[in-house]
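Everything below concerns the one structure shown next.
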Amino acid sequence: MNLRPEQLATHLQRDLAPLYVLHGDEPLLVIEAADAIRAAARQQGVTEREVQVTHQYFKWDEFGLSAGNLSLFGERKLIDLRIPNGKPGKQGGEALTRLARELDPHGTDITLITLPLLDWTVRKAVWFTALSEAGTVIECNAPELAQLPQWIAGRLARQQQSAARDALEFIAGHVEGNLLAAHQEIQKLGLLYNPGELTLEQVEDAVLHVARYDTEKLRTALLEGDAPRCARLLEGLKGEGAATPLVLWTMANEIRTLANVRAAMDAGQSVDAALKAERVFGPRQNLVKRAVQRLKSGSLRAALMHAARVDRLAKGLGKGDVWDEFLQLALRIRSR
C-alpha cells in the first residue's frame with residue numbers, strides 16, 4: 001500500500017500495519033511521519049522499541065534475529081530500522097527481502113524502516129520491491145512551489161490560525177521551498193499571535209522583524225559557543241520584552257539540530273550527509289560543523305532535557321527565573 005503523508009493520520013486511527021517504509025527528499029515530513037507511527041504504536045500497546053541504525057559494520061544477521069524474535073517479556077515491540085544512505089548492500093538487501101516475504105500480516109510486532117531520497121535504480125531493487133509489496137510505503141517529498149501556500153495554510157490550521165492568499169504566498173516566497181524554514185516560521189506565528197486570521201502585515205512583521213538584539217544573533221552566538229555574547233544578547237532580549245517562547249524555540253531548535261547531526265555522525269554518517277538531512281545550508285553549515293566537532297552527544301541530550309525543563313518553567317510549572325535558565329542552557333554548549 002502506498003500512502004501520501006497527509007493520509008497517514010487517518011490511516012493510524014485503525015490497527016497498525018506490520019511494516020512501514022518511509023522515504024523521500026523532505027526530512028521534516030519523514031521525521032513527522034515516523035513520530036506519528038511511533039506515537040500510534042504506543043497508544044495501541046506497543047511498549048518495547050528497538051532502534052537500529054545501519055553503518056559500514058552493521059550486522060544484518062542480528063537484525064534478522066531481532067525481527068524474528070519475540071519480546072523478552074512477551075510484549076509487542078517496534079523495530080525502528082534507519083538506513084541513512086539508502087543502500088543496505090547485498091547482505092542487507094537479502095535480509096530486507098526475507099523480512100518482507102516472511103512477514104506475518106496478522107503479527108503483533110511492527111517494523112519501521114526509514115530511508116532517504118531514493119533514485120530509480122534503488123526503487124527497482126528486489127529488496128525495495130519486496131518491501132513495497134508487503135508493507136505500507138509513504139513517500140515524503142516536499143510539495144511543488146505552486147502547492148506550498150496551500151501546505152502552509154494546512155499547517156496554520158493545525159494551530160487554529162489562517163491567512164489570506166497574499167500572506168501565504170509571502171511566507172512561501174520567503175522560505176524558497178525549504179519546508180523546515182516554513183515550519184519554523186509557522187511555529188513563530190503560533191507563538192506571537194492568538195488563534196484566528198492573520199493579516200499580511202502581521203506575517204511580514206513576524207518574518208522580517210529584526211531587532212537590535214534579535215534571535216538570529218543569539219542563534220549564531222550559540223553555535224559559536226560564545227557564552228559572553230549569549231549573555232549580552234539574552235539581556236538585550238529580556239530588556240526589549242522579547243517573548244520567552246520565541247527565545248526558547250530559537251535555542252532549542254538549534255540544539256536539536258546539533259544533537260541530530262552529532263548522532264548521525266556517531267552512527268557512521270558523514271558530517272556533510274548529516275547536514276543535508278537536517279537542511280543546514282549556506283554560511284550556517286560551517287558554524288554547525290565547528291559546533292558538532294567540539295560537542296558530544298551526551299552533552300547535547302542533556303541540553304535538550306534542560307530546554308524541556310525551561311519550557312515547563314515558562315508555562316508556570318516550577319520555580320525559577322526563565323532568563324537565568326536561558327543563560328545556563330547557553331553555557332551547556334559553550335566553547336571549551
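Summary of computed values
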quantity: The chain, helix-only ellipticity at 222 nm - DSSP H runs n ≥ 4, -39,500 (n - 2.57), divided by all residues, nearest 500; calculated: -17500 deg cm²/dmol
quantity: Principal axis dimensions, largest first and in whole angstrom, of the chain by Cα; calculated: 63, 48, 38
quantity: Environment charge of Ala263, counting only residues whose C-beta is closer than 11 Å and scoring Lys/Arg +1, Asp/Glu -1; calculated: +3
quantity: Loop-located chymotrypsin sites (Phe, Trp or Tyr not before Pro) in the stretch 42-144, at most 10 other Cβ atoms within 10 Å (DSSP); calculated: Tyr57, Phe73
quantity: GluC sites (Glu not before Pro) restricted to DSSP loop in the stretch 151-191 with at most 10 other C-beta within 10 Å; calculated: Glu176
quantity: Within a Gaussian network of the chain (alpha carbon springs, distance under 10 Å), most fluctuating of Gly107, Gly24, Gly225; calculated: Gly107
quantity: Calculated from backbone phi, Karplus (6.51, -1.76, 1.60) coupling profile of the stretch 219-224 in Hz, x at Gly/Pro; calculated: 4, 5, 4, 5, 5, 6
quantity: Long-range amide H partners of Thr114 with built H, under 5 Å; calculated: Leu22, Leu81, Arg82, Ile83
quantity: Inter-probe distance in nm under a simple model that places probes 7 Å from Cα toward Cβ, at Glu235 and Lys90; calculated: 6.5 nm
quantity: The stretch 186-258, relative contact order in percent, only Cα pairs under 8 angstrom and at least six apart counted; calculated: 36 percent
quantity: The stretch 145-208: relative contact order in percent, alpha carbon pairs under 8 Å with at least 6 residues between; calculated: 41 percent
quantity: Rel. contact order, % - alpha carbon contacts under 8 angstrom, at least six apart, the chain; calculated: 17 percent
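We did not get these values from a lab; they are worked out from the coordinates using the rules stated. Treat the numbers as computed from the prediction; the structure is a model and nothing was measured. Cβ sites come from the backbone with ideal geometry, for glycine too, and all protein chains shown count toward neighbours.
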